[in-house]
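S.K.: What follows is a single structure, and I will ask about it in a moment.
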Amino acid sequence: MGLLLDVEDTAVTRRTAEALTRVGTVAAVRLVALAVAEADGDHADWLQTGVYDALVGPEGVPDVAVVCGKLAQDREEPVRRGAAEISAWTDDTGC
């Protein structure tokens with residue numbers, strides 16, 4: 001979480017979100033979702049950029065929308081909220 005919400009270097013935020021999204025597991029995307037729920041507007045923008053970079057990259061990623069669907073059932077409300085936000089971002093990319 002420290003890397004995802006790094007106040008000193010937004011490049012770290014962006015690259016960490018991208019890397020975790022590329023992993024594509026429930027655990028990895030859950031971390032990004034929790035960060036999204038806790039982020040201020042500026043950090044949320046960098047998190048979104050990192051997720052977007054992973055989704056449109058040449059290597060492709062697992063279906064993040066499916067993972068977000070699983071996270072919609074998480075026991076923690078912030079994770080559910082963050083997953084819903086990420087899911088909306090994937091809709092915007094056409095992924």
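The values are calculated or read from the model by the stated rules, or taken from the named source; none is laboratory data. For clarity, every value in this text was computed on a predicted model and none was experimentally measured. No Cβ is skipped: glycine too gets one built from the backbone with ideal geometry, and neighbour counts run over all protein chains shown. Keep in mind that these areas ignore ligands, DNA and RNA; they rest on the heavy atoms of the full protein, side chains included. Shrake-Rupley method; radii C 1.70, N 1.55, O 1.52, S 1.80 Å.
S.K.: Give the carbon-plus-sulfur fraction of the accessible surface of segment 32-88 in %, rounded to a whole number; probe 1.4 Å, heavy atoms of protein chains only. Intermediate values should be presented prior to the final figure.
M.R.: Details: 1390 of 2860 Å².
Whole-percent figure for carbon plus sulfur exposure: 49.
S.K.: Please give the direction-averaged projected area of the C-alpha convex hull for the chain, in square nanometres with one decimal.
M.R.: Values: hull surface 20.5 nm².
Its average projected convex-hull area is 5.1 nm².
S.K.: Sticking with this structure for a sec: With contacts defined as alpha carbon pairs under 8 Å and 6 or more residues apart, what's the relative contact order of the chain in percent? Display every interim value, and only then the final one.
M.R.: Working: 143 pairs, mean separation 30.0, N = 95.
With pairs under 8 Å counted, the relative contact order is 32 percent.
S.K.: Per-residue ellipticity at 222 nm for the chain, helices alone: DSSP H runs ≥ 4 residues times -39500 (n - 2.57), over residue total, nearest 500 deg cm²/dmol?
M.R.: Helix contribution divided over all residues of the chain: -23000 deg cm²/dmol.
S.K.: Further question: Over every pair of different alpha-carbon atoms in segment 1-52, take the mean of 1/r and invert it; report that Kirkwood radius in Å.
M.R.: When all Cα pairs of segment 1-52 are included, the Kirkwood radius is 10.2 Å.
S.K.: Oh, and also: Rounded to the nearest 0.05, what FRET efficiency do residue 72 and residue 1 have when you use their Cβ-Cβ distance and R0 = 22 Å?
M.R.: Numbers: r = 20 Å, r/R0 = 0.93.
Calculated value: 0.60.
S.K.: Please work out the average accessible area per residue across the chain, using the 1.4 Å probe convention, and give it in Å². Write down the numbers at each step before the final one.
M.R.: On the way: 4940 Å² over 95 residues.
Result: 52 Å² per residue.
S.K.: Pop out the ³J(HN,Hα) list for segment 38-51 in order, Karplus 6.51 cos²θ - 1.76 cosθ + 1.60 with θ = phi - 60°, rounded to Hz; leave Gly and Pro as x.
M.R.: 9, 6, 7, x, 5, 5, 4, 4, 6, 4, 4, 4, x, 5
S.K.: Anyone know which of 74, 42, 53 comes out most mobile in the 10 Å Cα GNM of the chain?
M.R.: 42
S.K.: Below 11 angstrom from the Cβ of residue 14, what's the summed charge of the other residues (Lys, Arg +1; Asp, Glu -1)? Each step should come with its number before you reach the end.
M.R.: Values: positive: 15; negative: 6, 9, 18, 45, 53.
Overall, the nearby charge balance is -4.
S.K.: Suppose the chain between residue 63 and residue 9 were pulled fully straight at 0.36 nm per residue; how much longer would it get relative to their current alpha carbon spacing? List each step's numbers first, then the result.
M.R.: On the way: separation 54, 0.36 × 54 = 19.44 nm, distance 2.82 nm.
Contour length minus Cα-Cα distance gives 16.6 nm.
S.K.: What is the gain in length, in nm to one decimal, between residue 91 and residue 45 on full extension, counting 0.36 nm per residue of separation less the C-alpha to C-alpha distance?
M.R.: Numbers: separation 46, 0.36 × 46 = 16.56 nm, distance 1.59 nm.
Length gained between residue 91 and residue 45: 15.0 nm.
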